[in-house]
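The values are calculated or read from the model by the stated rules, or taken from the named source; none is laboratory data. Note that the coordinates shown come from a computational prediction; the quantities given were computed from them, not determined experimentally. Note that we place each Cβ from the backbone using ideal geometry, even for glycine, and neighbour counts take in every protein chain shown. What goes into the accessible areas is simple: the full protein's heavy atoms, side chains included, and nothing from ligands, DNA or RNA. Shrake-Rupley method; radii C 1.70, N 1.55, O 1.52, S 1.80 Å.
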Amino acid sequence: MIGRKIAARVGQGVAAFDPAEWDRCAGTDHPFTTHAFLSALEESGSATAAAGWQPVPIAIEDLDGRLAAVMPAYAKSHSQGEYVFDHAWADAFERAGGRYYPKLQIAVPFTPVPGRRLLTDDPGLALSLIAAAEELVRQNGLSSAHATFIAPSEAPLFERGGWLIRVDSQFHWHNEGYGSFDDFIATLSSRKRKAIRKERAAALEGLTVEHITGDAISERDWDAFWAFYQDTGARKWGRPYLTRSFFSLLGERMANRLLLIFAFRDGQPIAGALNLIGADTLYGRYWGTTEEVPHLHFELCYYQAIEAAIALGLARVEAGAQGGHKLSRGYRPVPTFSAHYLANPGLREAVADYLAHEREAVAHEIRALEEMTPFKKG
């Protein structure tokens, strides 16, 4: 809008914003950028200054105080829980005498899920958010700003602002109008179909599986899932990122957007996976087990998620970061994007050269992986 007068400010946290006003900018199709999800991270003690995630959301307001655009942002004192690894950049900069932390992280904490980070439908305001992030870096003497798992459509906006674009990959499952799981595996090679059926039978022997959503999710279910999550968190990160109260808050605020998939033995839950339901995507997030069962991880996190997505009429399943083992189970490689603003010219030049080579390598890897998918050829 020509001549529009706006002002940028840094909030004390997403929880300090009116939920309806935040969601009017963010939309509700993508559950992770909703006020309910982000404020639950803060209020549960999961994403706080004490945890190294100080919430500093950036807001653009009209001069009448009406919220026009928002950006989830955090002052970070480390690089944990991000899934876009910049440890080597930090080490190199600090060996050269620089101070890499604190830095600004534009992201959904602990969530390697692509989506919008510039929460507005106005490209001009999106550029204003980017400029405000740069100004926040300059005014506070930060080393850098990093917008991770941005929507592909946002990459040109960040690039226009002079940010460096980084490319990585994930594995997503795509619904080609399947009516059932059998319809899906019918598109795979005979050998892969047989392998998946055998794998599923072994995983489910002696077990029952239940999908739980909405008001059916109880605190008892969260207690069971918390035990599963703690086990996985302890093995992966040494300490789980999320607190127990986070899951209760999700259940209170977003029950209809949640899908718990539990495996039971003799009526007792032994493993579970938590998914969030978006407008067109099922997002697999956390999983854990108290009993080691071969292939149960694949069953609960991948195959059951596919069945749920088909039943819900969703277009995709996004099952999180990494995991080349997803390829043989019908998940395809897709590029993911992040954008990086580095205030120091020397660091920027070195990282820009590195990213140019990395992007070329990632593109080559995605092409090679596409040739290895289990789908019928020809």
Take A88 and L63, extend 7 Å from each Cα along the Cα→Cβ direction, and tell me the distance between the two endpoints in nm. 4.9 nm
Assigning unit charges at the beta carbon (Lys, Arg +1; Asp, Glu -1) and nothing else, what dipole magnitude in debye, to the nearest 20, does the chain show about its Cα centre? 760 debye
Proximal aspartates and glutamates to K76, defined as alpha-carbon separation beneath 17 angstrom and excluding residues fewer than eight positions away on the same chain: E42, D86, D91, E94, E134, E135
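What order, most packed first, do the peptides 327-334, 187-194 have when packing is the mean number of other Cβ atoms within 10 Å of each residue? Write down the numbers at each step before the final one.
Values: 327-334: 19.1, 187-194: 13.9.
The peptides rank, most packed first, as 327-334, 187-194.
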So what's the back-of-envelope 222 nm ellipticity for the chain, counting only DSSP H runs of four-plus at -39500 (n - 2.57) apiece and dividing by all residues, rounded to 500? -11000 deg cm²/dmol
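Once the piece of chain linking H211 and A131 is laid out straight, how much longer is it, given 0.36 nm per residue of separation minus the C-alpha distance between them?
Values: separation 80, 0.36 × 80 = 28.80 nm, distance 4.41 nm.
That works out to 24.4 nm of additional length.
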What list of ³J(HN,Hα) values in whole Hz, one per residue of the range 173-186 in order, does the Karplus curve 6.51 cos²θ - 1.76 cosθ + 1.60 (θ = phi - 60°) give from phi, with Gly and Pro shown as x? 9, 10, 7, 9, x, 5, x, 7, 4, 4, 4, 5, 6, 5
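First select every other residue whose beta carbon is under 13 angstrom from the beta carbon of A16; then total the charges, Lys and Arg +1, Asp and Glu -1.
-3
Can you compute the FRET efficiency between Y101 and R220 using 1/(1 + (r/R0)^6), with r the Cβ-Cβ distance and R0 = 30 Å? Round to the nearest 0.05. Walk me through the numbers on the way to the answer.
Numbers: r = 40 Å, r/R0 = 1.35.
About 0.15, to the nearest 0.05.
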May I ask you to order 275-287, 362-374 by the average number of other C-beta atoms within 10 Å around their residues, highest value first? 275-287, 362-374
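Tell me the net charge near Y74. Cut-off is 13 Å between Cβ atoms, Y74 excluded, with +1 for each Lys or Arg and -1 for each Asp or Glu. Before the final figure, lay out the partial values.
Values: positive: K76, K103, R117; negative: E42, E82.
Net local charge, Y74 excluded: +1.
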Let's test the formula: R0 of 51 Å, r as the Cβ-Cβ distance of D353 and M254. What FRET efficiency results, to the nearest 0.05? 0.75
Using the Cα gyration tensor of the range 161-253, with a ≥ b ≥ c the square roots of its eigenvalues, what is the shape: rounded (a/c below 1.5), prolate (a/b larger than b/c) or oblate (neither)? oblate
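By Kyte-Doolittle mean hydropathy of at least -0.5 and Cα axial length of at least 30 Å, which whole DSSP H helices of the chain are selected? Provide the component values of the computation, followed by the final result.
Values: long enough: 345-370 (37 Å, -0.35).
Those that pass (Cα extent of 30 Å or more, hydropathy at least -0.5) are 345-370.
Within 13 Å, Cβ to Cβ, of L142, how many net charges do the neighbouring residues add up to if Lys/Arg are +1 and Asp/Glu are -1?
Working: positive: K76, R99, K103, R138; negative: E134, E135.
Combined, the nearby Lys, Arg, Asp and Glu give +2.
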Here FRET efficiency (C-beta to C-beta, A321 to A343, R₀ 35 Å, nearest 0.05) is 0.80
Show me, for the range 273-290, the HN-Hα J-couplings you get by feeding each phi into the Karplus relation (A = 6.51, B = -1.76, C = 1.60, θ = phi - 60°), rounded to Hz, glycine and proline as x. 10, 9, 10, 10, 9, x, 5, 9, 9, 9, 9, x, 10, 10, 8, x, 8, 10
Go through the range 258-265 residue by residue and turn each phi into a ³J(HN,Hα) via Karplus (6.51, -1.76, 1.60, θ = phi - 60°); whole Hz please, and just put x for glycine and proline. 10, 9, 9, 10, 10, 9, 10, 10
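Of all accessible surface on the range 78-180 at a 1.4 Å probe, what whole percent is carbon and sulfur?
Working: 2020 of 3930 Å².
It is 51 percent, rounded to a whole number.
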Suppose the chain between H174 and R160 were pulled fully straight at 0.36 nm per residue; how much longer would it get relative to their current alpha carbon spacing? 2.0 nm
